[in-house]
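Comments concern the structure below.
The values are calculated or read from the model by the stated rules, or taken from the named source; none is laboratory data. Being a predicted model, the structure only gives us computed values, none of them experimental. Neighbour counts run over all protein chains shown; Cβ positions are idealised from the backbone, glycine included. Only protein heavy atoms, including side chains, enter the accessible area calculation; ligands, DNA and RNA are left aside. Shrake-Rupley method; radii C 1.70, N 1.55, O 1.52, S 1.80 Å.
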Amino acid sequence: MGLDIRWPIGLMFSLIGVLLIGYGAVNSSDSMRVGVNINIVWGVLLLVFGVLMLVGAVRGGKKPPTA
Amino acid sequence: MQPIHLAWVDYTILIAYVAFVLGIGWVLARYMKTSSDFLISGHNIPTWVTGLAFMAANLGALELVGMAASGAKYGIAQIHFYWIGAIPAMVFLAIFMMPFYYGSKARSVPEFLKMRFNEPVRALNALLFAVMTVFASGISMDALARLLTNLLPWKLDTNILGMNFGSYDIYLWICSGVVLLYVLKGGLTSAIYTEVLQFFMIVLGFAPVVYLGLQDAGGWHTMNHALQGVATNPAAFYLQPAGVHYAPDAWSSAWTPVLAGPAANPLGVDWFAVVFGLGFVLSFGYWCTNFLVVQRAMAARNMTAARNTPLIATVPKMLFPLLVILPGMIAIALASMPNKNYRIPPPIVSQANYDKAVDLVKNANPADDAAVKAVGVALGVTVDPAKVTKLIAGNAATKLSDDQIHEGLYNSIAENDYNSVILSLLKKYCPPGLMGLALTALLASFMSGMAGNVTAFNTIWTYDLYQAYFAPNKSDAHYFWMGKFITVVGILISICCAYVAKQYNNAMDIIQLVFGFVNAPVFATFLLGMFWKRTTGVAAFIGLFSGIAASTVFHALTTTTGNVDAAGHVINHMKGGYLGVVSKFPSEMAQNFWLAIFAFAACFLVTVFLSLATRRTKTDEQLKGLVYSLTPKTVDHNQPWYQRPPIVGTVLIIACIILNIIFW
């Protein structure tokens, strides 16, 4: 199919990753669970995953959706 | 379950997800040109995508909620639904059955049955399946609307065209509307893409909860140690009636308790029922013949990709117990640790009932058994008398606040609402942000449950019922239009089913029970059809009916030990035994497994007998590509080893055996 699924996956998880990092940084006391700021830790992981998906999509050579 | 307070970041994540799935639908709409693009994705989806969708199509939210519930209730033995229940069947589908499904050019499972047998077999399968899919999607949407009504703080009440719409109705219609929009735009491809998105949402949304929970419980070994305490005295956590005790490893070993017999494990099953009932009949029947999952593999690009689809799905399937069963085990371990201040949530009790009970506690005299009973009646649930007595005594000694009494009452309820386990963990471990991610993952799996069923339904209707019996020989544009039209109808029927589920809980249980009867024998028909050329259409049709009849009769004549009162009368007819009790099983699960074995055997024997008694109507030439012995073997020597299904399948089975041994 014309749309490479890695674009939406990559974009969405990058966005959620940035949101979590931002929220975790501003509300750090609220984000602590079992001794870690889980929003920041998990946000970074999501961002890395999202970026890897985007890299895959770019390498795959499909154009980003324009609709 | 109390409403969860969501922050702006949670709503943003939720809205972003909905925007992305709708966006995917919009982009895909440009590629939808024929009925086959819309209904079967035109055989044009990458293998890793069909593989993940194959697994995710089965991963409904009810499964997520239910597996965590069972993890708490039964412990690690629940993994049998994965490591013996799913993996061997998925590998078998890939190696032996996909060549026929994909090679026959059938567009659906019922169409394959028409090619192999005849029209009546197809019609029977298509009709039963169509009814099943709309009910399944209705059940899924009902559960979602209930969940949102309980979780979200808004109390909505509007009047549209003279009809009253409460929170439940609004959530139901909005979520169904979202599903309708993206399925209508992008068809099966939309559903498959969304399933992949949902797959990653669930993995990435639940993993931190499991990680934090396990950390909190003190790690794997500490958790297992706590589970030993649970197993030796399950009544202390309201898991089993008083007086039931198991060996210490009943919650933490997969096979030892099962091998020790039905009385030694909380599932109440023996190894034969697990291996043959679950591992063979039920799981092969589901994974190898259910069009909802097989449709994903049929959408692959070529034969190799179609065969590799279930194999790719096997890898995450093997590891998923970590995400879905382990949380339940963590929950029950935490509940057994006094310093963690956690319990498996009790059933929801209304505020009014709590208020009544609080008043009773305040006015009661210490050591008054009648007052203790009255508290239980006021709450409307079973209570632990010792805990209520202690609470009353505590209040008499030093006046407690209403909130303290409320908490004391909450902790004294001697029932567990296992389906709330997963939400209670999310609430405990997810700060705002992560909560949005996890809740969206849950929401996503409910919605993709509906989308998956509706996309299977519209294909079956359009190709196997409409084109076959109502309007053959029309233009493709006509069927394309019909596919879209029936998608809308399918969603509307699903919404009706959701309302049925909401009104009559019992009716829904009956429907699921009936589906169990229908599903149990079906694998026998496929097995004989694909591997014995002598099997005839008439025999298959009557055999299938006999199997369904056999399971119905079996259920009518058996029940569970706990479902018979002292006088020998059956308590709940939903659990069987309404025509008399010939045999009793230790648990409903054992009854189900044996029912499946029985139905399979009946279908198998009747089909074999009648095949020998009737004349073949199809020649060897006509059965080429449909029966194993008449089909040239797929040649895959030119593929690298990691793309050859028999080699990969063997490796996966070995990996699965190793996992079983590790957790023996």
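Key figures for this structure:
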{"item": "For residues of B:12-21, the mean tally of beta carbons on other chains within 10 Å", "result": "3"}
{"item": "Computed E for A:D30/B:N233 - FRET, C-beta separation, R0 30 angstrom, nearest 0.05", "result": "0.20"}
{"item": "Solvent-accessible area, 1.4 Å probe, carbon plus sulfur percent, for region B:235-312", "result": "69"}
{"item": "Region B:200-289: proportion of alpha-carbon pairs further apart than 15 angstrom, %", "result": "70"}
{"item": "Partner chain coverage, peptide B:182-190 - average Cβ within 10 angstrom", "result": "1"}
{"item": "Förster-model FRET efficiency, 25 Å R0, B:R616 and B:K105, C-beta, rounded to 0.05", "result": "0.65"}
{"item": "Summed buried accessible area for B+A [probe radius 1.4 Å, Å², rounded to 100]", "result": "3100"}
{"item": "Mean separation of Cα contacts under 8 Å (6+ apart) over length of chain B, as relative contact order %", "result": "26"}
{"item": "List of region B:212-249 residues, accessible area with partners at least 30 Å² below that of the chain alone (1.4 Å probe)", "result": "B:L212"}
{"item": "Share of carbon and sulfur in the accessible heavy-atom surface of region B:108-213 [1.4 Å probe, %]", "result": "73"}
{"item": "Packing-based ranking, highest mean first, of B:405-414, B:126-135, B:5-14 given that Cβ atoms within 10 Å are counted", "result": "B:126-135, B:405-414, B:5-14"}
{"item": "Summed residue charge, Cβ within 11 Å of B:S424's Cβ, Lys/Arg positive, Asp/Glu negative", "result": "+2"}
{"item": "Relative contact order [Cα under 8 Å, 6+ residues apart], region B:128-245, whole percent", "result": "12"}
{"item": "Radius ratio Rg over Rh of region A:1-63, counting only Cα atoms, Kirkwood formula for Rh", "result": "1.15"}
{"item": "Antiparallel DSSP beta bridges within the protein assembly as shown, percent to nearest 5", "result": "60"}
{"item": "Taking only Cα atoms of the protein assembly as shown, radius of gyration then Dmax in Å", "result": "26.5, 89"}
{"item": "Shielded residues, region A:42-58 - accessible-area loss of 30 Å² or more between chain alone and all protein chains, probe 1.4 Å", "result": "A:W42, A:F49"}
{"item": "Rg/Rg_ref, region B:262-322, where Rg_ref = 2.2 N^0.38 Å and atoms are Cα", "result": "1.45"}
{"item": "Fraction of the pair-distance distribution of region B:496-575 above 19 Å, Cα-Cα pairs, percent", "result": "55"}
{"item": "19 Å Cα-Cα reach of B:K390 towards lysines, excluding residues that sit fewer than 8 places from it in its own chain", "result": "B:K356, B:K362, B:K373, B:K399"}
{"item": "Under the Karplus curve 6.51 cos²θ - 1.76 cosθ + 1.60, θ = phi - 60°, whole-Hz ³J(HN,Hα) for region B:211-217, x wherever Gly or Pro sits", "result": "4, 5, x, 5, 4, 5, 6"}
{"item": "J(HN,Hα) series, region B:583-597, from Karplus relation 6.51 cos²θ - 1.76 cosθ + 1.60, nearest Hz, glycine and proline x", "result": "9, 10, 10, x, 8, 5, 5, 4, 4, 4, 4, 5, 4, 5, 4"}
{"item": "Net +/- balance of residues flanking B:D636 in space, Cβ distance below 14 Å, scoring K and R +1, D and E -1", "result": "+3"}
{"item": "Computed Kirkwood radius, in angstrom, where 1/r is averaged over Cα pairs of region B:316-431", "result": "15.5"}
{"item": "Surface accessible to a 1.4 Å probe, per residue, for the residues of chain B, Å²", "result": "39"}
{"item": "When the convex hull of its Cα atoms is projected in every direction, mean area for region B:23-82 (nm²)", "result": "5.9"}
{"item": "Cα centroid of region B:207-228 to Cα centroid of region B:543-581, whole Å", "result": "40"}
{"item": "When region B:582-656 is reduced to its Cα atoms, the Kirkwood hydrodynamic radius in Å", "result": "17.1"}
{"item": "Hits among lysines - C-alpha to C-alpha of B:K33 under 26 Å, sequence gap 8 or more where chains match", "result": "A:K62, A:K63, B:K105, B:K185, B:K474, B:K484"}
{"item": "Taking N as its residue count, the alpha carbon Rg of region B:398-464 over 2.2 N^0.38 Å", "result": "1.89"}
{"item": "Region B:541-664, accessible surface, carbon-and-sulfur percent (1.4 angstrom probe)", "result": "68"}
{"item": "Nearby lysines by direct alpha-carbon distance to B:K575 (threshold 18 angstrom, same-chain neighbours under 8 apart not counted)", "result": "B:K584"}
{"item": "For region B:325-368, average projected area of the Cα convex hull in nm²", "result": "4.9"}
{"item": "Ellipsoid equivalent to region B:472-606 - semi-axes via the Cα gyration tensor, in Å", "result": "35, 25, 9"}
{"item": "In Å, descending, principal axis extents of the Cα set of region B:1-102", "result": "48, 41, 19"}
{"item": "Sites matching trypsin sites (Lys or Arg not before Pro) across region B:349-421 that sit in DSSP coil, with at most 10 neighbouring C-beta atoms within 10 Å", "result": "B:K399"}
{"item": "Region B:257-402: mean projected area of Cα convex hull, nm²", "result": "14.6"}
{"item": "Sparsely packed chymotrypsin sites (Phe, Trp or Tyr not before Pro) within region B:428-507, loop by DSSP, other Cβ within 10 Å at most 16", "result": "B:Y504"}
{"item": "Cα-based Rg and Dmax for region B:528-664, where Dmax is the largest Cα-Cα distance (Å)", "result": "21.8, 69"}
{"item": "Along principal axes, Cα extents of chain B, largest first, whole Å", "result": "89, 54, 50"}
{"item": "In region B:559-634, the trypsin sites (Lys or Arg not before Pro) that fall in loop regions by DSSP, at most 16 other Cβ within 10 Å", "result": "B:R615, B:R616, B:K624, B:K633"}
{"item": "Built amide H within the under 5 Å cut-off of B:R616, gap 5+", "result": "none"}
{"item": "Where Rh is the Kirkwood radius over Cα pairs, Rg/Rh for region B:410-511", "result": "1.17"}
{"item": "Mean ellipticity per residue at 222 nm, deg cm²/dmol - from DSSP H runs of n ≥ 4 across chain B, formula -39500 (n - 2.57)", "result": "-21000 deg cm²/dmol"}
{"item": "Largest-first principal axis extents of the Cα set of region B:43-128 (Å)", "result": "46, 31, 22"}
{"item": "Average other protein chain Cβ within 10 Å of Cβ, residues B:427-437", "result": "6"}
{"item": "Radius of gyration, Dmax [region B:115-271; alpha carbons; angstrom]", "result": "23.4, 62"}
{"item": "Student exercise, chain B dipole from Lys, Arg, Asp, Glu Cβ charges, in Debye to nearest 20", "result": "1820"}
{"item": "Of all DSSP beta bridges in chain B, antiparallel share, percent nearest 5", "result": "55"}
